[in-house]
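**Q** Dropping a structure here in structure tokens format, bear with me for questions.
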Amino acid sequence: MKKVIITTGDIQNVIGIGERQARNIISKMRDYYSKERHQLITVKEFCDYYGIKYDDIYTKLL
């Protein structure tokens, strides 16, 4: 089953950064996609934002 929503923990694992940096990335992505604070970021949006393929990060999301 593929994961749909990306969390700060997922971003930490994929990029190798700290929690605060991951939260900042989520915040920047919400601004970019014009989302409100309660709305979630999808893995597809994350991949599109960074220009990477889902298959490239799939193993780190498990």
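**Q** For segment 11-49, give me each residue that is part of a helix (DSSP H, G or I), of a type in the set (Lys, Arg) and farther than 20 Å from Thr59 by Cα.
**A** Residues of segment 11-49 part of a helix (DSSP H, G or I): 11-16, 19-32, 43-49.
Checking which are of a type in the set (Lys, Arg) leaves us with 20, 23, 28, 30, 44.
Listed by number, the residues that qualify are Arg20, Arg23, Lys28, Arg30.
**Q** Need the failing condition index for Lys3 against (1) of a type outside the set (Val, Ile, Thr); (2) more than 9 Å from the chain's Cα centre (by Cα); (3) not in a loop (DSSP other than H, G, I, E, B), just the number.
**A** Just one mismatch for Lys3, condition (3).
**Q** If only one of Ile17, Ile57, Ile25 is surrounded by 14 or more Cβ atoms within 10 Å (Cβ to Cβ) and in contact with a Ser or Thr (Cβ under 9 Å, 6 or more places away or on another chain), which one is it? Write out each step before concluding.
**A** Values: Ile17 fails: in contact with a Ser or Thr (Cβ under 9 Å, 6 or more places away or on another chain); Ile57 fails: in contact with a Ser or Thr (Cβ under 9 Å, 6 or more places away or on another chain).
The unique qualifying residue is Ile25.
**Q** Being in contact with a helix residue (DSSP H, G or I) (Cβ under 6 Å, 6 or more places away or on another chain) and of a type in the set (D, E, K, R) is the requirement here; does Lys60 meet it?
**A** Working: in contact with a helix residue (DSSP H, G or I) (Cβ under 6 Å, 6 or more places away or on another chain): yes; of a type in the set (D, E, K, R): yes.
So Lys60 passes the test.
**Q** Related question: Taking the condition of being closer than 17 Å to Glu45 by Cβ and modelled with pLDDT of 95 or more, how many residues in segment 13-30 meet it?
**A** Residues flagged as closer than 17 Å to Glu45 by Cβ and modelled with pLDDT of 95 or more within segment 13-30 amount to 9.
**Q** Among the residues of segment 28-54, write down those that are surrounded by fewer than 11 Cβ atoms within 10 Å (Cβ to Cβ) and either of a type in the set (D, E, K, R) or within 10 Å of the chain's Cα centre (by Cα) (or both). First the steps, then the outcome.
**A** Taking segment 28-54 first, the residues surrounded by fewer than 11 Cβ atoms within 10 Å (Cβ to Cβ) are 31, 34, 36-39, 51, 53.
Of everything in segment 28-54, those that are surrounded by fewer than 11 Cβ atoms within 10 Å (Cβ to Cβ) and either of a type in the set (D, E, K, R) or within 10 Å of the chain's Cα centre (by Cα) (or both) turn out to be Asp31, Glu36, Arg37, Lys53.
The values are calculated or read from the model by the stated rules, or taken from the named source; none is laboratory data. Here the structure is a predicted model, which means the values were calculated and not measured. Because the Cβ atoms are built from the backbone with ideal geometry, glycine has one as well, and the counts that use them run over all protein chains shown.
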